[in-house]
Each structure stands twice: as C-alpha cells, then as structure tokens.
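The values are calculated or read from the model by the stated rules, or taken from the named source; none is laboratory data. Since the model is a prediction, treat every value here as computed from it, not as a measurement. All Cβ positions, glycine included, derive from the backbone under ideal geometry; neighbour counts span all protein chains shown. Heavy atoms of the whole protein, side chains included, go into the accessibility calculation; ligands, DNA and RNA do not. Shrake-Rupley method; radii C 1.70, N 1.55, O 1.52, S 1.80 Å.
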Amino acid sequence: MTTQPDAADYGRQFASFYDRLFPRTAGMPIAEALARLHPAPKTGTLEIGVGTGRIAVPLSEKVGAVTGLDASHEMLDGLAKAPSSTNVIPVQADIRTYTEERTYGLIYGVCGVISLLTSPEDQQAAIQRAAELLAPGGRLVIETGNRPAVEALHEGQSRTTFFTPYAEPGTGLQTHSTLPPGSDLWHCTQIWYEADGTTRLGSETSRLSTPDEMDTFAKQAGLTPEHSFSSWELAPYQEWYPMFITTYTKTA
C-alpha cells in the first residue's frame with residue numbers, strides 16, 4: 001500500500017509477493033472492524049493505499065463499493081486480478097493532492113500507509129486531504145507504525161535483524177532494520193523465504209510516529225480525535241504494540 005513519492009519503485013519491488021507478506025485471509029478481521037466503525041455505509045468508503053485489495057475487497061462485501069486509492073500501478077494491477085474485486089473502484093493518485101467532488105463517510109489507511117510518507121509535512125498534507133474528502137459526521141481511521149515499540153525492538157542499537165515465521169511451513173520474513181537513535185526514519189530491507197528455498201527482496205523507508213502526533217495532524221486538519229487502539233480487536237493503545245490505530249471524526 002503506497003503513497004510515497006517513489007511508489008512506482010515500491011510497487012516494482014513488492015507487488016509480486018505482496019499477497020505473500022499480507023495474506024488476504026488476514027484482511028478479513030480488519031474489514032470486519034472497519035465495517036463496525038463505518039458511521040453510515042451509504043455515504044461511501046475510501047481507502048488510502050488500497051494495494052492489492054486485501055481490505056477493500058472483503059469490506060466492499062459488507063458496506064458496498066469502496067474507492068481504492070494507490071500511487072502504484074503495479075499494486076492496482078494486482079487489485080484488478082483479485083477475486084471479487086469488481087466492487088472496488090481503483091484510482092491511481094497521490095493522497096496528498098487527490099481531489100474529487102464527492103465526499104465519503106469512512107476514509108481509512110491501514111498497514112502503515114501514512115508512515116510511507118517520510119516527512120511531517122507530507123503526513124500532514126495527507127491527513128488534510130483526507131479531512132477535506134470526509135463527509136460531515138464521517139470518520140477517518142489510520143493505522144501506522146508505533147515509534148516507541150520499534151525503538152524498544154532496537155534496544156538502543158542502530159541496526160537489528162529479526163525473523164518472522166509464517167503459518168505456512170518453510171516460509172517467513174527476515175527483516176534487516178535500521179533506526180538510528182533519535183531518528184524517526186525507519187529503513188527495512190525485507191527478505192521473503194518460500195518453502196522451496198527461493199527468496200524475494202524489497203526495501204522501504206517509513207516515518208514512525210505516535211498517537212499524539214497523529215492527533216496533532218488531525219486537529220490541524222479540523223478533525224476531532226476519538227480513540228487510540230493497539231489492534232483491530234480495538235483494545236486500548238499500548239506502547240509496546242508495533243502498530244497503533246487512531247480514529248477521528250468530522251463535525252456534522
């Protein structure tokens with residue numbers, strides 16, 4: 001899911017194995033949570049950084065058509081091939097500048113899509129555009145990288161490496177992680193291992209943040225902070241979770 005300036009490069013690196021990193025079945029609980037958070041499905045739904053549609057497709061089955069924004073045509077090509085994607089409307093665009101005449105009751109960006117904008121100014125611009133596209137009474141939902149948790153993972157070191165095994169035997173993700181002390185820019189080189197021994201490689205840079213910072217961006221965009229969660233079970237925010245979710249509303 002990409003909105004960063006080099007999104008075409010991100011798509012070329014990750015699109016071919018994106019659905020291996022983020023299985024479509026794992027998107028179902030997120031879609032269910034978003035459906036519960038939707039204030040009024042008939043007012044429309046927009047996803048920032050739709051990727052190959054692992055969230056938008058199952059969500060569209062619950063709330064109706066979803067407009068899916070992504071800056072990478074490779075990711076949108078993957079969306080076009082996804083099963084049951086006919087109710088997702090693909091749009092290749094940059095969330096910092098995207099505009100249209102209609103508004104939406106729910107706008108969301110998950111899996112750290114906002115963190116792929118690597119400056120505070122770009123993140124503020126994305127939140128501002130989302131606020132302008134939000135209908136009165138609508139809700140914005142953001143899931144992004146949690147800076148305190150990643151700092152704790154590094155234990156004061158600039159570099160660390162860790163391996164995440166997947167449920168499918170013989171598969172997993174090795175992450176070579178760089179986060180200089182005091183920096184909010186997190187660079188990861190990812191190596192995906194298949195059961196047959198083949199590997200795939202991709203690199204990304206993201207900007208880590210905190211709920212307080214996201215709240216500040218939202219307030220500057222005229223939105224009202226609502227909740228901070230640590231998971232899609234909507235449990236209260238905890239510093240040690242690698243991601244956090246925040247929600248905002250627009251005055252009716």
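Residues of the range 152-167 being at pLDDT below 95 and within 21 Å of the chain's Cα centre (by Cα), which ones?
Hit for the range 152-167 is LEU153, nothing else.
Among the candidates GLY137, GLY222, GLY182, GLY170, single out the residue that is farther than 17 Å from GLY112 by Cβ, modelled with pLDDT under 95, over 21 Å from the mean Cα position of the chain (by Cα) and surrounded by fewer than 18 Cβ atoms within 10 Å (Cβ to Cβ).
Selected residue: GLY182, the only one of GLY137, GLY222, GLY182, GLY170 that is farther than 17 Å from GLY112 by Cβ, modelled with pLDDT under 95, over 21 Å from the mean Cα position of the chain (by Cα) and surrounded by fewer than 18 Cβ atoms within 10 Å (Cβ to Cβ).
Within the range 80-95, take every residue that is open to solvent by less than 50 Å² (accessible area, probe 1.4 Å) and not hydrophobic (A, V, I, L, M, F, W, C) and give me the one that is nearest to LEU69 (Cα to Cα).
If we take residues in the range 80-95 being open to solvent by less than 50 Å² (accessible area, probe 1.4 Å) and not hydrophobic (A, V, I, L, M, F, W, C), then ASP94 is nearest to LEU69 (Cα to Cα).
Please go through the range 178-237 and pick out each residue that is among the hydroxyl-bearing types (Ser, Thr, Tyr) and part of a helix (DSSP H, G or I).
THR216
When both residues are 6+ apart or on different chains and their Cβ atoms are under 7 Å apart, which pairs have a first residue that lies in the range 91-113 and is at pLDDT 95 or above, and a second that is surrounded by fewer than 19 Cβ atoms within 10 Å (Cβ to Cβ) and part of a strand (DSSP E or B)?
THR103/ALA135; TYR104/ALA135; GLY105/ALA135
All but one of (1) of a type in the set (A, V, I, L, M); (2) surrounded by fewer than 20 Cβ atoms within 10 Å (Cβ to Cβ); (3) part of a strand (DSSP E or B) hold for ILE245, so report the exception by its number.
Evaluating ILE245 over (1) of a type in the set (A, V, I, L, M); (2) surrounded by fewer than 20 Cβ atoms within 10 Å (Cβ to Cβ); (3) part of a strand (DSSP E or B) leaves (2) as the failure.
Using the structure shown, decide if GLY197 is surrounded by fewer than 18 Cβ atoms within 10 Å (Cβ to Cβ) and over 24 Å from ILE127 (Cβ atoms).
Yes.
Among the residues of the range 15-34, are any over 23 Å from LEU173 (Cα atoms) and touching a helix residue (DSSP H, G or I) at 6+ places or on another chain (Cβ under 6 Å)?
Pass one, the range 15-34, residues over 23 Å from LEU173 (Cα atoms): 31-34.
Remaining after also requiring touching a helix residue (DSSP H, G or I) at 6+ places or on another chain (Cβ under 6 Å): 31, 34.
For the range 15-34, residues over 23 Å from LEU173 (Cα atoms) and touching a helix residue (DSSP H, G or I) at 6+ places or on another chain (Cβ under 6 Å): present.
Are any residues in the range 115-128 crowded, with 21+ Cβ neighbours inside 10 Å and either closer than 16 Å to LEU223 by Cα or at pLDDT 95 or above (or both), and if so, which ones?
The answer is GLN123, ALA126, ILE127.
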